[in-house]
1. Suppose the filter is among the small types (Gly, Ala, Ser), open to solvent by less than 60 Å² (accessible area, probe 1.4 Å) and free of Cβ contacts under 8 Å to residues at least 60 places away in the same chain; does B:Gly98 pass it?
2. If you check B:Glu120 against the conditions, is it within 14 Å of another protein chain (Cβ to nearest Cβ), more than 14 Å from the chain's Cα centre (by Cα) and without any contact (Cβ under 8 Å) to a residue 24 or more places away in the chain?
3. Just for region A:3-17: of the residues that are buried (at least 20 other Cβ atoms within 10 Å of the Cβ) and at pLDDT below 85, which one is nearest to the other protein chains (Cβ to nearest Cβ)?
4. Which of (1) surrounded by fewer than 22 Cβ atoms within 10 Å (Cβ to Cβ); (2) at pLDDT 95 or above; (3) more than 30 Å from B:His2 (Cα to Cα) does B:Ile176 not meet, given it meets every other one?
5. Regarding A:Ala151, is this residue modelled with pLDDT of 95 or more and farther than 29 Å from A:Lys45 by Cα?
6. Among the residues of region A:18-32, are any surrounded by 19 or more Cβ atoms within 10 Å (Cβ to Cβ), away from chain B (no Cβ under 14 Å), in a loop (DSSP other than H, G, I, E, B) and touching a residue at least 12 places away in the same chain (Cβ under 8 Å)?
7. I need the full set of residues from region A:38-63 which are in contact (Cβ under 8 Å) with a residue 60 or more places away in the chain and facing chain B (nearest Cβ under 9 Å), in order please.
8. Limited to region B:66-86, what total is found for residues that are in contact with an Asp or Glu (Cβ under 9 Å, 6 or more places away or on another chain), closer than 24 Å to B:Arg51 by Cα and β-branched (Val, Ile, Thr)?
Amino acid sequence: MNPEAKSMLLHRKDLLGIADLSVAEIGMILETAETFREVSGRAIKKVPTLRGKTVINLFFESSTRTRTSFEIAAKRLSADAINISASTSSVVKGETLIDTALNLEAMAPDAIVIRHGSSGAPQQISRIVKASVINAGDGAHEHPTQALLDALTIRRAKGGIAGVRVAIIGDILHSRVARSNIHLLTKMGAEVVLAGPRTLLPEGLEQVIPAGTGSVCFAATIEEALAGADVVMALRIQLERQSGGFFPSLREYSVRYGLNQRRLALAKPDAIVLHPGPINRGIEIDSDVADGPFSMILDQVENGVAVRMAVLYLLAGGEKP
Amino acid sequence: MHFIEKTRLMTAADMNRVLMRMASQIVESNPDLSDVILVGIRRRGVPLAERLAQKILEMDDIRVTTGALDITLYRDDLSTVGDRPVVNRTELPGNITGKTIILVDDVLYTGRTVRAALDELIDFGRPRRVQLAVLVDRGWRELPINAEYVGKKVPTSEKEIVKVMLPEFDETEQVIIVEPE
């Protein structure tokens, strides 16, 4: 139609993690998401772009935000979105992951969005289906669209990612959000500082994750991590994953690592506060911080729809590469 | 692919004259210019819409509202193009219901871009009327679409490409016909 229009070069079928994305691909997704934000502000919040495409949301773990966000993103692009949650599916009848995937594939979806408790489940499915597979969180491995929406939020607030100091506080060990964010932020040149109970900081993380043009390090105390931070990201204490006695009690965690006004004052005066949600008020974040003027927690949710629209458009928009 | 230049259709001075004529035709057919919005289709329609607005301002001392439309999400060939085209922002000024919209584009060819633009406009409101202004009409329509304001009508062959070059995107300002070598 317009022979001069520049084209996107996202030559991949799936989005499984940030680890295998290039800096250029991340930039492309963020640029596209930036323009999709406008669609959500229209009176008629729908464009015909993915008309006739089918997106299946296959969630083996509970989720409100991510599942709704993917569903809204698909619907705003005019795709048909179907939601399957494990508790109401044939999984409870004993069907294996592979069989579930093969059966869904037989119904010819264009994209499968999957959340699973086991790391690597989306990769496994992507190898046996023709549909684009989008990882919506797998075990403690990756949650790529969360890192992308965090990056969009940081970029909009700080004008860029390179050189920005990001403190990530909490349970790094179990957090796929932290892992995807560390990949993305270091690739884009940010300075990442991690802090939390020693038992929840994975040893050797610096060696596992190539730092790109940015850097990642552990701080000895939460105060040290917060000092001079441009962005403070509090992670949710995953109550469902704390049976291992990683810290004495929630009260103890809150006293030592909870994000409150006093601690936030150590960061830069214009530092923004992020949280992937759902928040545990009074545990990892105080209400006056979560609801405060520097909290961008709801902006993250808003940006999440735009990022997921961009990912669906770039992966399921045209012919398969 | 390499292209060879076949003909120069318009120089910068020709383009200026033609835009001046189109601007006066727009003024003539729209007695109430306060109701008119000039909406450029990205990319090259946008600076052309701005220029028409500028000419109208010089002529009638009225600043006509302008906007920009990105039709990427409304294209009918998305499932056949390999790479996903870059999506740009649509920027329409306020409510378009009841307004006269003049769509502005550089070249009118198959008419499919205009079809996409009409669909997108309708999603923003119900304009009183929609008109079309193009710098070059090169024929080969595939849809029943016509332009009210035409800078220059030229017969072309299907292999040829009409290139409108504007300083906003290119190094020179001219309209040329090129053909793949």
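The values are calculated or read from the model by the stated rules, or taken from the named source; none is laboratory data. These numbers were taken from a predicted model, which means no experiment stands behind them. A quick note on method: Cβ atoms are made from the backbone with ideal geometry, for glycine too, and the neighbour counts reach across all protein chains shown. Quick note on the areas: whole protein, heavy atoms, side chains included, nothing else; ligands and nucleic acids left out. Shrake-Rupley method; radii C 1.70, N 1.55, O 1.52, S 1.80 Å.
1. It is false that B:Gly98 is among the small types (Gly, Ala, Ser), open to solvent by less than 60 Å² (accessible area, probe 1.4 Å) and free of Cβ contacts under 8 Å to residues at least 60 places away in the same chain.
2. Here the answer is no, as B:Glu120 does not meet what is asked.
3. In this case the residue turns out to be A:Met8.
4. B:Ile176 satisfies every listed condition except (3).
5. Answer is no for this residue.
6. yes
7. Matches in region A:38-63: A:Val39, A:Thr49, A:Leu50, A:Lys53.
8. Looking only at that region, the number is 2.
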